[in-house]
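No lab work stands behind these numbers, since they all come straight from the coordinates. Here the structure is a predicted model, which means the values were calculated and not measured. No Cβ is skipped: glycine too gets one built from the backbone with ideal geometry, and neighbour counts run over all protein chains shown.
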Amino acid sequence: MLKRLLLVVPLILSLVSCGPILGQLMRMADGVKNFQVVKDDLGDLKKGQKILVVGPFETAPGAWDIARGDDAVFFYNEFNLAKYYTAELHMGDRYGKAAKTIAEVKGKSAAQLKADYQLESEPGLVMFGTVLSRDTIVAPTRGIIMEVGYRLEFYNPADGKSAVVEISVREHFKDCIKLVVEELTHRAANAKS
């Protein structure tokens, strides 16, 4: 009986400890997976820039929304929490096509955007987004880990030019957009104007 107990106790301990070990091993794969400027450069994303975040984001085939419009709201919040940019939010038709909202916004000057959407100030940039991919997994002792990819367009209403960035991250679901904003801030601070 004692021999059986001595054999079972280490087996139970090894099974119980697998979750935390696997959770910590999975943490090593977290972070920014890809960052690519696919059009223009990040020169316009200067500190103190006023950004109008336009939602809801588009979704690429195979990608999905957590809730329509949530990505835009989370970016708006994270931009303001980071205090590197000042953000305001405009939510277009939640159930309509994002392309219609984008065309409407791009047809306006910064002054028209401020007046039409009752913004506090004229935006220096307007951000549109596309969710390129999204997947979630449950990590032992860590919770829900999300792998998400975004295409972010920063449109300048003054000159009509856009910078486009594609970024993918893997992080705890509540910190994904925070990580994207941190990486954007870091890259923009080091961009040549």
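Remarks
- Cross-link table Lys100/Lys178; Lys46/Lys100; Lys50/Lys114; Lys114/Lys174; Lys100/Lys161; Lys83/Lys178, entries beyond 23 Å C-alpha to C-alpha: Lys100/Lys178; Lys46/Lys100; Lys114/Lys174
- Rounded to 5, percent antiparallel among DSSP beta bridges of region 30-189: 75
- C-alpha center-to-center spacing [region 88-107, region 153-192] in angstrom: 19
- In order along region 46-55, the Karplus-derived 3J(HN,Hα) couplings, from 6.51 cos²θ - 1.76 cosθ + 1.60 at θ = phi - 60°, round to 7, 4, x, 4, 8, 10, 9, 8, 10, x Hz, and Gly and Pro are given as x.
- R0 of 41 Å, Cβ-Cβ distance Ser109-Val32: FRET efficiency to nearest 0.05: 0.75
- Pairwise label distance in nanometres, Ala158 with Asn190, each label 7 Å out on the Cα-Cβ vector: 2.6
- Length gained when the stretch Ile137-Ser121 is fully extended (0.36 nm per residue, less Cα-Cα span): 1.7 nm
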